[in-house]
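The values are calculated or read from the model by the stated rules, or taken from the named source; none is laboratory data. Quick caveat: nothing in here was measured; it's all calculated off a predicted structure. Cβ placement follows ideal geometry from the backbone for every residue including glycine, while neighbour counts extend to all protein chains displayed. Surface areas here come from the heavy atoms of the whole protein model, side chains and all, with no ligands, DNA or RNA. Shrake-Rupley method; radii C 1.70, N 1.55, O 1.52, S 1.80 Å.
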Amino acid sequence: MKTDAVSTEKAPHLERQLSNRHIQLIAIGGAIGTGLFMGSGKTISAAGPSVIFVYMIIGFMLFFVMRAMGELLLSNLNYKSFSDFAGDLLGPWAGFFTGWTYWFCWVVTGIADVIAIAGYANELVPGIQLWIPGIFTVAVLLILNLATVKAFGETEFWFALIKIVAIVALIVTGLVMIFTGFETPAGTASFSNLWSHGGFFPQEFMGFVAGFQIAVFAFVGIELVGTTAAEAKDPEKNLPKAINSIPVRVLLFYVGALIILMAVTPWTEFQAGHSPFIGMFSLAGLGMAATIVNLVVLTSAMSSANSGVYSTSRMVFGLAQEGDAPTVLGKLSSRKVPQNALFLSCVLLLSGVVLLYAGDSIGEAFGMVTTVSAVCFMFVWSIILASYLAFRKRRPHLHNESKFKMPGGIAMVWVVFAFFAFVLWALTTQPDTLMALLVTPIWFVILGVAWAILRRSPVHVARAEMFRAQLREHEAQQESPADVH
């Protein structure tokens with residue numbers, strides 16, 4: 001009976017309501033996180049102009065993670081997300097660890113976003129009690145996500161569009177200031193500011209290394225397009241298009257914006273905890289624009305948290321379907337939304353309100369939480385790459401038939417692994433990030449204990465077998481036309 005209930009509930013959830021424009025903007029929204037708006041002040045002050053190369057290198061490496069993910073998702077359209085192909089290719093433990101760690105990643109990121117929203121609300125309305133915007137944010141997110149998935153896609157479309165308009169406005173305003181020789185308190189706006197204050201590497205190699213710490217967090221969510229696979233219309237066309245546009249987005253939105261910011265104001269003027277975006281519009285004498293950018297930054301954090309609530313609820317729903325989470329979290333509402341999973345994520349986001357009062361400053365709380373999140377996201381990205389290696393070894397025929405092969409193949413996977421090892425080392429070089437790095441393994445210990453108990457459960461074993469049988473059946477259907485020829 002339980003098996004029947006699972007299969008009947010599963011079908012309505014897989015309605016493909018997210019159109020091409022939704023997928024494209026969700027991908028952009030994931031690529032432009034709160035880290036760019038709130039964290040870039042810290043990265044610039046730590047690394048100087050070399051931060052440009054930091055963002056380019058991270059974007060370059062993660063592009064290959066996304067291409068590996070794309071090839072795997074399109075190899076079997078029965079995969080709902082990357083936790084599915086991890087469970088299939090690496091074993092049930094990998095699906096369990098990946099699904100729950102990704103859920104944890106987004107809960108932690110959501111907490112960071114709640115902290116950021118409270119901080120900016122305090123700037124807009126000085127003296128406001130920090131718990132008020134915190135609780136209001138969680139309530140709004142719950143309401144937005146209780147509607148249909150199409151409503152989520154529409155909301156995220158407009159959230160992402162606002163971010164794009166803000167960054168383009170910043171680039172255009174900055175270019176006008178540069179070409180008119182605008183005078184700022186720190187000197188004249190000019191591209192020469194990029195190299196005339198100690199060169200591109202003013203803080204030398206260790207300053208460059210420090211830039212990777214918070215910059216990695218700016219990219220969390222770049223894989224979000226992978227969690228939309230089960231609800232995307234025409235995934236074979238829309239997923240590759242969204243993934244291939246990532247390098248252009250990184251160059252324009254990250255690198256372009258940072259070049260303009262440091263050309264208008266020397267890097268020495270930037271401070272951690274202050275948004276360079278707001279500062280530049282204030283410099284331009286556009287006081288109203290600075291207030292609007294404050295609202296945009298709030299919207300960006302809301303967008304990131306909104307994506308997080310969406311992806312965590314879908315991931316937990318999938319885990320419940322496969323017996324890796326309590327059955328109650330696999331229930332759908334009449335609107336075909338996993339509402340119990342949504343309630344769980346939103347309740348946990350409220351811990352962000354508690355954190356606001358735990359640290360000495362909002363910046364400190366944000367830094368601690370973002371490091372934990374970045375480490376866990378790197379684990380998920382690594383599992384995607386490990387799944388790709390298993391895919392190449394176990395299903396070479398599917399790789400040969402793929403129309404969306406990962407460039408660089410197996411060799412590039414090891415290059416990205418080496419890069420992740422470098423980032424982990426970078427996190428050990430600062431006391432605050434080292435503390436967060438040392439705390440993170442506790443999560444994997446908890447998961448290990450839970451898995452040791454769960455893997456023997458008859459319900460879990462039965463559901464896992466059913467899930468693998470569905471995948472094999474779908475794979476056989478995909479291969480059969482080739483056999484006919």
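Each residue of the stretch 439-454 was assigned a 3J(HN,Hα) from its phi angle through the Karplus expression (A = 6.51, B = -1.76, C = 1.60, θ = phi - 60°), giving 7, 4, x, 4, 4, 6, 5, 4, 4, x, 5, 4, 5, 4, 7, 6 Hz with x at Gly and Pro. Surface composition of the stretch 296-453: carbon and sulfur atoms hold 70% of the protein heavy-atom accessible area at a 1.4 Å probe. Modelled spin-label separation between Trp451 and Phe417, with each label point placed 7 Å from Cα along the Cα-to-Cβ direction: 1.7 nm. Atom-type composition of the exposed protein surface of the stretch 106-174 places 81 percent of the accessible area on carbon and sulfur (1.4 angstrom probe). Full extension of the chain segment joining Phe60 with Leu252 gains 67.8 nm, where the gain is 0.36 nm per residue of separation less the Cα-Cα distance. Taking the protein heavy atoms of the stretch 175-266 in the context of the full set of protein chains, the accessible area attributed to carbon and sulfur is 67 percent at 1.4 Å.
Per residue, the stretch 402-460 exposes an accessible area of 57 Å² to a 1.4 Å probe, with every protein chain left in place.
At 0.36 nm per residue, minus the direct Cα-Cα distance, what do Val354 and Phe201 gain on full extension? Give it in nm, one decimal, please. Before the final figure, lay out each step's value.
Numbers: separation 153, 0.36 × 153 = 55.08 nm, distance 3.86 nm.
Difference between extended and current length: 51.2 nm.
Ordered from longest to shortest, the equivalent ellipsoid semi-axes for the stretch 151-213 are 31, 22, 7 Å, each the square root of 5 times a Cα gyration tensor eigenvalue. Measuring nothing but how far apart in sequence close Cα pairs (under 8 Å, 6+ apart) lie, relative to its length, the stretch 44-141 scores a relative contact order of 12 percent.
Heavy atoms of the protein chains alone define the surface here; on that basis the stretch 175-261 has 38 Å² accessible area per residue at 1.4 Å probe size. Derived from the Cα gyration tensor, the three semi-axes of the equivalent ellipsoid of the stretch 166-257 are 35, 19, 10 Å, largest first.
What whole-number value in Å² describes the accessible area per residue of the stretch 36-135 for a 1.4 Å probe?
Values: 2240 Å² over 100 residues.
I get 22 Å² per residue for the stretch 36-135.
Taking all Cα pairs closer than 8 Å and separated by 6 or more residues, the relative contact order of the stretch 87-194 comes to 10 percent. For the pair the stretch 374-439 and the stretch 147-213, the centres of their Cα atoms are 28 angstrom apart.
Calculate, in nm to one decimal, what Asn244 and Val461 gain on full extension: separation in residues at 0.36 nm each, minus their alpha carbon distance. The partial results should precede the final answer.
Values: separation 217, 0.36 × 217 = 78.12 nm, distance 3.76 nm.
The span from Asn244 to Val461 would gain 74.4 nm if fully extended.
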